[in-house]
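Step one of this worksheet: look at the structure below.
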Amino acid sequence: MNDNNSSPIQLLTERVSHARLGLPGPSQDELDTIMRAGMRAPDHAMLRPWRFVVVEGERRDALGEVFKESLRLRGVTDGARLNKALEAPLRAPVVISVLLNFKDHPKVERNEQIGSAAAATYAVSLAANALGFGSIWRTGLYATDPHVISALGGGDEDEVTGFLYIGTREGPSKLTPELDPEDYITHF
């Protein structure tokens, strides 16, 4: 799809989330490229503390059922909330669930592994953007729900770092204010 003629620096400095995403989604070759970017995240001790679960096509309906059941297990009975959960994965043609795949290690604490998984998620988002797709990173209560984590193949010490929705941008991009680096930087 690559219709994005931006420079690498422009891609990094102008990236925004895009909530309205439609068809087409990335092809298999594009998904492979996107995943390769995620696997280049900083990774102390080469633990690979992340797993990517690609959800597309009819499997998005199955993920919606998992979200709906997650709410039911929490005691939610409101039909509108249950229906919203069911439809959440349908907001984009591809949903990549990035799981923290925690590994007990004497030198690499959990927070560092979470950082690696978050970096992998962001790299996936940047790669999708570089290929001309839009994306939005979502978390919410499903990210730490044991039912959802288990359904995605995670274990007891795992969590979802992000649900990355990817597809073709529809409508205008989200406007975000220009930030002055001086407001966020100090020198030691």
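Structure data summary
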read-out	value
Dipole magnitude (debye, nearest 20) for the range 1-159, charges at Cβ of Lys, Arg, Asp, Glu	260 debye
Ellipticity estimate at 222 nm from DSSP helix runs (n ≥ 4, -39,500 (n - 2.57)) divided over the chain, nearest 500	-11500 deg cm²/dmol
Alpha carbon centroid spacing (whole Å) that separates the range 136-160 from the range 44-63	10 Å
Residue among A45, A128, A120 with the largest mean-square fluctuation in a Gaussian network model of the chain, springs linking Cα atoms under 10 Å	A45
The range 7-95: radius of gyration over Cα atoms, expressed as a fraction of 2.2 N^0.38 Å	1.38
Lysines with Cα under 16 Å of K84, excluding same-chain neighbours fewer than 8 positions away	K68
Entry for volume of the Cα convex hull per residue in Å³ (calculated from the structure that is shown) out of [x] 156; [y] 139; [z] 117	[x]
DSSP H segments from the chain that extend 24 Å or more along their own axis, Cα-based, with Kyte-Doolittle mean of 0.0 or above	110-130
Most fluctuating residue given options E65, E159, E14, as computed from a GNM of the chain linking Cα atoms under 10 Å	E14
Residue order, fewest to most beta carbons within 10 Å, for T33, T168	T33, T168
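Throughout, read-outs are computed from the coordinates displayed, never taken from laboratory work. Quick caveat, the model's predicted, so the values are computed rather than measured. Every residue, glycine among them, receives a Cβ derived from its backbone with ideal geometry; neighbour counts consider all protein chains shown.
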